[in-house]
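To start, the structure under review is shown below, and the notes come after it.
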Amino acid sequence: MDFRISNTFSDSLARLTNEEQKQVKITTIDLQIAPDSPGLSFHKLNRAKDKNFWSVRVSGDIRIIVHRLDDSLLVCYVDHHDKAYDWAEHHKFSFHPVTGAAQIVEIRERIEEIVIPKYIEKEFPTESLLIEKNNSKLLFSNLSDETLLGYGVPEEWIDDVRRADEDNFLALIDHLPSEAMEALFAIASGDKPIIHKSAVGVSDDKNSAFEHPDAKRRFRVITSKEELELALSLPWEKWMVFCNYSGLDRLRGTPIKTD
């Protein structure tokens, strides 16, 4: 079984207390070593829109959110019970339809229409989280759907991106994957974004989706208990640097070539 961890899990783990982190790490190692162990308490999240999200009980109030398939387990998030369930209900795992990269995407929720007094004739948009201001320049209104998708923007967020102006841009980017955020920042600054295209292209094969350069920044496959222990002990950014400099070869006992 493929076992992966996500940067969203690493970030959420860091926000817990030291004692809570110790308990989470023990459970996570158990998940990696024996995911089918009857001692692990999996609970199907019926209210989550992603039907492959499950919770795993760590303690009385701590839950790990995992994306569970027959042949893979992705550790996505950890928090206190209510916050963990709320996160699961507002996110989903998906493969981007254009870039092919594996993503964890915040679910775009419809904002209920606000009743406008009848004497106001002008209609205001209600489908966007962003309010378009007449005195503020729209930053991305001239970009096509194809272009925005090419930057990794999820389909359900395209309209919001196109309505983004100079005032509400920063509020929007917190809802987007990192590659989309970086591309939009570059455009807003007058630069041309760099698109990291997958060498394997868009595919239904989930392994190919994880091989996309953008996906590699947020998901890591774990092949041993030692790797997982190290990943759980380091912030995500330091773990990534360690991986890039062949640190995992040291764990496996493989000599590293030097000049």
Original post:
Within the range 4-14, is there a residue that is touching a residue at least 12 places away in the same chain (Cβ under 8 Å), over 21 Å from Leu230 (Cβ atoms) and hydrophobic (A, V, I, L, M, F, W, C)?
Top reply: no
Subject >> Residues located in the range 41-74, provided they are farther than 11 Å from Phe93 by Cβ and of a type in the set (Lys, Arg) >> reply: Lys44, Arg47, Arg57, Arg63
**OP:** Starting from the range 64-87, keep only residues that are free of Cβ contacts under 8 Å to residues at least 60 places away in the same chain and within 17 Å of Ala14 (Cα to Cα), then list their pairs with residues that are among the basic types (Lys, Arg) and part of a strand (DSSP E or B) whose Cβ atoms are within a distance under 6 Å, requiring at least 6 positions of separation or different chains.
**Re:** His81/Arg63; Ala84/Arg63
Subject >> Residue count, the range 223-238 (criterion: under 23 Å from Asp30 (Cβ atoms) and not in a loop (DSSP other than H, G, I, E, B)) >> reply: 10
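Conditions (1) at pLDDT 95 or above; (2) out of contact with any Leu (no Cβ under 8 Å at 6 or more places or on another chain); (3) more than 27 Å from Thr17 (Cβ to Cβ), marked per residue:
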position	(1), (2), (3)
Ser59	no, yes, no
Arg63	yes, yes, no
Asp70	no, yes, yes
Leu73	yes, no, no
His80	yes, yes, no
Trp87	yes, yes, no
Ser94	no, yes, yes
Ala102	no, yes, yes
**OP:** Identify all residues within the range 170-222 that are modelled with pLDDT of 90 or more, farther than 26 Å from Asn142 by Cα and in a loop (DSSP other than H, G, I, E, B); write none if there are none.
**Re:** Arg218, Ile222
**OP:** Would you please name the residue that is nearest to Ser224 (Cα to Cα), looking only at residues in the range 36-50 that are of a type outside the set (Gly, Ala, Ser) and more than 22 Å from the chain's Cα centre (by Cα)?
**Re:** Asp36
**OP:** Identify all residues within the range 26-85 that are more than 13 Å from Phe3 (Cβ to Cβ) and among the hydroxyl-bearing types (Ser, Thr, Tyr); write none if there are none.
**Re:** Thr27, Ser37, Ser41, Ser55, Ser59, Tyr77, Tyr85
**OP:** Answer yes or no as to whether Leu31 is closer than 23 Å to Ser224 by Cβ and either within 19 Å of the chain's Cα centre (by Cα) or hydroxyl-bearing (Ser, Thr, Tyr) (or both).
**Re:** no
**OP:** Only residues that are exposed (fewer than 11 other Cβ atoms within 10 Å of the Cβ) and acidic (Asp, Glu): list them for the range 32-81, please.
**Re:** Asp36, Asp70, Asp71
Original post:
Hey, among Arg15, Arg108, Arg47, which residue is touching a strand residue (DSSP E or B) at 6+ places or on another chain (Cβ under 8 Å) and among the basic types (Lys, Arg)?
Top reply: Arg15
Original post:
Can you pull out the residues in the range 176-193 that are over 17 Å from the mean Cα position of the chain (by Cα) and farther than 17 Å from Glu166 by Cβ?
Top reply: Lys192, Pro193
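The values are calculated or read from the model by the stated rules, or taken from the named source; none is laboratory data. Note that the structure is a prediction, hence the values are computed from the model and not measured. Cβ sites come from the backbone with ideal geometry, for glycine too, and all protein chains shown count toward neighbours.
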